[in-house]
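Take a look at the structure below.
Please treat every number below as a calculation from the coordinates, not as lab data. Here the structure is a predicted model, which means the values were calculated and not measured. Note that each Cβ is placed from the backbone with ideal geometry, even for glycine, and that neighbours are counted across all protein chains shown.
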Amino acid sequence: MSTIGTGYDLSASQFSPDGRVFQIDYASKAVEKSGTVIGLRGKDCVILAVEKIISSKLHEEDAAGRIFTIEKNIGMAIAGLVADGNYVADIARQEAANFRQQFEHAIPLKHLCERVAGYIHAYTLYSAVRPFGLSVIFASWDEVEGPQLYKIEPSGSSFGYYACASGKAKQQAKTEMEKLKPNMETEELVKSAGEIIYKVHDDLKDKDFRFEMGLVGRDTNGLHRINPAEYTEIARNAGDAARKDDDSDNETH
Amino acid sequence: MLNNYNGLAQPFWQNGPAPGQFYHFTGGQQQIQNLPRELTTAGPYGTQRNTARITTGSSVLGIRFDGGVMIAADTMVSYGSLSRYQSIDRVFKINEKILLGGGDDFADIQSIKRTIDQKMIADQCRADEIEMKPTELAMWLTRVLYNRRTRMNPLFIDVVVGGVNAEGKPFLGNVDLRGRFYEDFVVATGFARHLAIPLVRESKPAGREFTAEEASNLIRKCMEVLYYRDTRNTSKYTVGVCTPSGSVVEGPYKVDENWSFASTIKGY
Amino acid sequence: MFRNQYDSDVTVWSPQGRLHQVEYAMEAVKLGTTTVGLKNRSIAVLVALSKPTSEVSVSQRKVIPIDDHLGISIAGITADARVLSRYLRSECLNYKHTYESTYPVSRLITNLGNKMQTTTQRYDRRPYGVGLLVAGYDEKGPHIYQVMPSANFYDCKAYSIGSRSQSARTYLESNLASFADSSNDEIIAHGIVAIKRSLPTDENQGKENAAQYDITVAIVGKGQPFKILSKEEMKKYEELASKKILPAPSPADDDDQPRPSGSGEQPDEGPRDPQVAVATEERR
């Protein structure tokens with residue numbers, strides 16, 4: 001997306017002569033500047049993991065989290081503007097609540113994703129608003145549908161995934177993910193998530209980061225949990241080990 | 001309703017489309033999604049409404065003891081005087097700190113319970129380990145119920161709210177369809193208000209709370225009396241117990257019935 | 001007329017994925033006088049610096065009480081802060097009326113953040129040009145929150161915003177480890193020392209003309225409703241603080257001077273934004 005549509009790039013309600021809506025491309029740039037976020041689908045669980053870049057030592061460790069709980073069994077992680085993320089999390093919760101009010105059942109992730117994607121898409125249609133600078137990943141698990149993982153882009157388009165990534169090191173994370181085997185057990189999956197986030201973190205560009213995760217699956221009794229102590233520990237240890245491995249590899253080459 | 005939730009999803013511009021109105025947002029037609037007028041305001045003078053309950057639960061009994069509260073209710077939901085539904089739990093666990101026992105119109109109980117459950121999910125979503133306390137729920141209920149009654153459209157419910165507050169302090173209170181609220185070591189709805197409360201009061205030891213065992217014995221005794229005396233009662237009942245370590249609903253238990261005395265009763 | 005063609009509205013993304021209007025609003029915070037927030041295990045403290053705009057006026061109020069368990073101090077456009085404080089007050093009051101208990105601080109601030117977010121996305125609005133430090137106390141203990149025009153908010157151990165606040169932040173960072181176990185008196189004194197670090201060097205550290213600055217201190221905590229300390233109460237802490245004062249920091253500490261942005265993050269191809277002399281939390 002290195003093209004620029006001089007004169008045709010100032011409004012979300014305007015196409016450029018070659019058929020682009022540049023404001024959406026530009027919003028995606030905000031996502032590309034954000035710390036990496038990944039989602040992985042395992043056998044009976046889904047994990048969300050983020051590289052939360054720490055901007056000040058004065059903040060509490062859990063300040064400005066980028067993982068949210070939307071429903072009992074639905075988690076959401078974002079890459080992009082955190083303020084936009086908080087807002088969309090609230091919208092998603094309202095959608096989930098609305099569905100539950102009507103059907104007395106947790107909203108199927110497919111439907112939630114459709115509704116939130118519709119919402120995000122609406123912001124790409126008018127010059128009076130700007131598109132969200134946001135890539136949203138949803139994860140859920142339930143007995144009937146099993147593990148599910150969806151991602152929505154700033155354009156409002158959404159897809160289901162086995163594994164997906166957004167943010168700074170999206171490409172690198174994708175390369176790592178392609179090496180993973182399918183249908184992993186929870187602990188293995190958690191380790192992989194830790195390894196990927198720690199590996200793709202660039203020490204030179206951002207010194208400090210915090211690994212944060214959301215987990216939902218059979219092992220969490222179908223509840224989405226943010227930074228569950230026992231699993232976060234496993235992930236961080238695995239990540240640390242992977243990074244040391246990486247460093248020693250580099251030295252030998 | 002959805003978009004009035006917290007006023008965030010305003011229309012993009014005056015009378016413009018609002019995001020979140022997913023199926024119509026390009027048309028620009030403004031739908032004011034308020035509750036129907038007849039649900040929120042009193043009708044013009046002379047308008048009458050059906051003010052009867054339909055399917056009802058009878059007694060709920062709550063007793064506070066030194067380490068928490070116990071709430072019991074039988075499992076009968078009647079349709080008029082018909083014993084329509086005979087095994088329905090009327091004591092609910094709301095969260096680890098709150099129990100709710102529901103009496104009077106059961107549809108209204110189910111409705112308010114749905115709303116409360118959604119609030120609990122909202123609590124969980126915040127993931128900040130802050131849970132609603134029983135006093136907060138009781139206060140919220142009084143506001144809702146009083147508001148409904150001033151609109152001449154009350155929810156026909158009579159509920160017992162119990163649990164433990166922040167410092168592990170037991171709380172037990174009653175909220176009714178008018179939005180009345182009171183707190184005591186024993187509260188009840190339905191016939192238990194007449195039959196059980198005096199029984200519990202007269203066994204209250206001076207200067208101290210009940211123990212858990214005393215409370216449990218009193219519940220067993222009261223549920224038995226209620227079964228014998230209240231024709232809208234059944235012999236099965238559930239008991240909710242809430243202590244600082246959490247809340248749980250147990251049962252159903254069965255009243256130890258004995259009708260051998262029946263033949264001695266004459267004159268009917 | 002504009003610094004570049006992408007900075008006229010909040011609804012326009014720049015080709016680099018930045019929102020210049022939001023970044024400019026962040027600058028407004030740096031025009032305000034400094035304020036510091038910090039906490040120990042039982043209380044949260046706000047310290048604010050104010051200066052009368054002329055000899056015949058008193059200084060603007062920097063600290064605004066919201067509820068018994070919560071108050072804010074501000075840096076930036078005062079009028080915007082009043083809009084936000086009115087919102088916070090009515091939210092707290094509604095919550096108190098509905099539940100007869102106090103609004104959990106984290107949830108209040110999340111809702112405030114979402115309210116502020118809408119102004120960063122709509123053509124007919126502008127971001128609030130004010131930064132807040134929120135001090136509150138709830139069942140989870142004392143809290144300091146930093147809320148910015150970008151609608152980002154952060155749960156903080158301690159923080160400082162406003163002009164030359166970097167010097168105060170440097171002080172806070174180097175003493176951070178001792179805050180949690182400090183006594184209430186000590187933590188207030190730390191706050192006063194931190195804010196004095198942000199005074200212009202010639203007026204630094206309690207010299208004669210520092211008197212024209214007013215320091216306001218407010219506290220809230222366990223069994224302590226939000227309270228702005230009186231002049232008499234302040235004396236004790238001023239004395240404590242003066243004992244703590246260390247040599248003035250070097251001017252190099254001061255990074256609030258405008259500086260060319262984007263120096264480290266130029267894309268390798270395509271056009272780029274004109275150089276804009278602003279900085280935000282997000283950019284790195």
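Below is a table of values for the structure above.
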read-out: Entries of A:Lys191/C:Lys140; C:Lys30/C:Lys196; C:Lys96/C:Lys231 with Cα pairs more than 28 Å apart; value: A:Lys191/C:Lys140; C:Lys96/C:Lys231
read-out: Long-range amide H partners of C:Arg122 with built H, under 5 Å; value: none
read-out: Residue mean of other protein chain beta carbons inside 10 Å, A:86-99; value: 6
read-out: Number of partner chain Cβ atoms within 10 Å, mean per residue of A:120-130; value: 6
read-out: Percent of C-alpha pairs per 10 Å bin, region C:27-247, short to long; value: 9, 36, 36, 16, 3, 0
read-out: Sorted largest first, extent of region A:164-240 alpha carbons per principal axis (Å); value: 39, 26, 19
read-out: B:Phe156, A:Phe132 arranged by Cβ crowding within 10 Å, fewest neighbours leading; value: B:Phe156, A:Phe132
read-out: Rg ratio (alpha-carbon, reference 2.2 N^0.38 Å) - region A:1-72; value: 1.60
read-out: Calculated FRET efficiency for the pair C:Ser183/B:Arg126, C-beta based, R₀ 45 Å, to 0.05; value: 0.90
read-out: Estimated Rh, region A:31-142: Kirkwood, alpha-carbon pairs, angstrom; value: 15.0
read-out: Residue order, fewest to most beta carbons within 10 Å, for B:Leu172, C:Leu229; value: C:Leu229, B:Leu172
read-out: Cα centre as origin, Lys/Arg/Asp/Glu Cβ charges: chain A dipole, Debye; value: 600
read-out: HN-Hα J in Hz across region A:127-138 - Karplus 6.51, -1.76, 1.60, θ = phi - 60°, x for Gly and Pro; value: 6, 6, 10, 10, x, 5, x, 8, 10, 10, 10, 10
read-out: Cα pair distances in region B:58-254, grouped into 5 Å bins until the bin that holds the longest one, percent each; value: 1, 8, 17, 22, 21, 16, 10, 4, 1, 0
read-out: Count, lysine Cα pairs under 18 Å in region B:58-254, 8 or more residues apart or across chains; value: 15
read-out: Calculated from backbone phi, Karplus (6.51, -1.76, 1.60) coupling profile of region B:150-166 in Hz, x at Gly/Pro; value: 5, 8, 6, 9, x, 7, 7, 10, 9, 10, 10, 10, x, x, 10, 8, 3
read-out: Average partner coverage of A:29-37, which counts Cβ from other chains inside 10 Å; value: 3
read-out: 4 °C / 1.567 mPa s Stokes-Einstein diffusion coefficient of region B:64-140, Kirkwood radius on C-alpha pairs, µm²/s; value: 92
read-out: Centre separation in Å (Cα based) which lies between region B:87-125 and region A:153-193; value: 39
read-out: Taking the C-alpha atoms of region C:1-138, convex hull volume expressed per residue in Å³; value: 148
read-out: q = 0.12, 0.18, 0.20 Å⁻¹, region A:81-160: log10 I(q)/I(0) [Debye, one scatterer per Cα]; value: -0.34, -0.74, -0.89
read-out: Shape call, the protein assembly as shown: gyration tensor on alpha carbons, a/c limit 1.5; value: prolate
read-out: Interatomic Cα distance distribution for region A:22-251, bins of 10 angstrom, percent; value: 8, 35, 36, 17, 3, 0
read-out: Computed [θ] at 222 nm, helices only, for the protein assembly as shown once each DSSP H run of length n ≥ 4 contributes -39500 (n - 2.57); value: -10500 deg cm²/dmol
read-out: Between region A:4-56 and region B:147-193, the Cα center-to-center distance that results, in Å; value: 50
